[in-house]
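Read the structure below first, then the notes.
The values are calculated or read from the model by the stated rules, or taken from the named source; none is laboratory data. Every value quoted in this text rests on a predicted model; they were computed, and no experiment measured them. Here Cβ is always computed from backbone atoms with ideal geometry, including for glycine, and neighbour counts include all displayed protein chains. Heavy atoms of the whole protein, side chains included, go into the accessibility calculation; ligands, DNA and RNA do not. Shrake-Rupley method; radii C 1.70, N 1.55, O 1.52, S 1.80 Å.
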Amino acid sequence: MVFGSLHDLWWVVAKSLLLYATAVVCFRIGERRTLAEMSAFDFVAAVAAGAIVGRVPNAHDAGYLAGAATLVTILLAHRLTARLRFRPLFAKLIDHPPRLLVADGKVLDAELRRSGLTRHDLYGLLRQHGVDELASVRFVVFEQRGQVSVVRRGAAPTDTELLRDLS
């Protein structure tokens with residue numbers, strides 16, 4: 001049969017709706033970080049959840065409970081990973097360190113390379129922050145999750161604790 005049986009079609013719809021609802025409830029119960037700017041482990045959890053929700057309803061060899069168990073397991077592993085990041089040794093394994101890319105208007109090329117960025121990438125990011133002159137920048141930090149923080153000259157003095165973990 002080209003279109004499959006009506007029973008199979010309704011079962012796919014039911015599993016899809018149930019897994020979607022399960023994912024929504026799990027993400028709602030979970031921490032906001034799963035859907036915020038993603039780190040590597042956040043991304044893995046989001047992609048895995050999407051794959052489960054997208055694949056299981058069409059799989060004839062996987063019922064709703066198997067899909068829900070897989071989804072909940074992935075999201076619990078994500079939550080455990082988020083909690084373990086409070087331990088410095090584990091955090092070093094999971095998180096990228098922030099990197100100082102510009103200091104007092106000078107581009108730190110070695111840090112750019114370590115971050116996988118070119119000067120063109122940096123210049124584009126600076127333009128997005130409204131910077132039109134490198135000399136106006138006190139420092140630029142490539143943060144753990146890939147955003148860039150720009151502090152201009154003339155800004156209030158920087159708390160040195162904010163700069164302590166920079167590579």
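Just one of the listed residues (51, 62, 45) is closer than 29 Å to residue 92 by Cα, at pLDDT 70 or above and open to solvent by less than 30 Å² (accessible area, probe 1.4 Å), namely 45. Residue 70 satisfies every condition listed in (1) within 22 Å of residue 43 (Cβ to Cβ); (2) in contact with a Ser or Thr (Cβ under 9 Å, 6 or more places away or on another chain) except (2).
Please tell me if residue 68 is surrounded by 14 or more Cβ atoms within 10 Å (Cβ to Cβ) and within 20 Å of the chain's Cα centre (by Cα). Against the criterion (surrounded by 14 or more Cβ atoms within 10 Å (Cβ to Cβ) and within 20 Å of the chain's Cα centre (by Cα)), residue 68 does not qualify.
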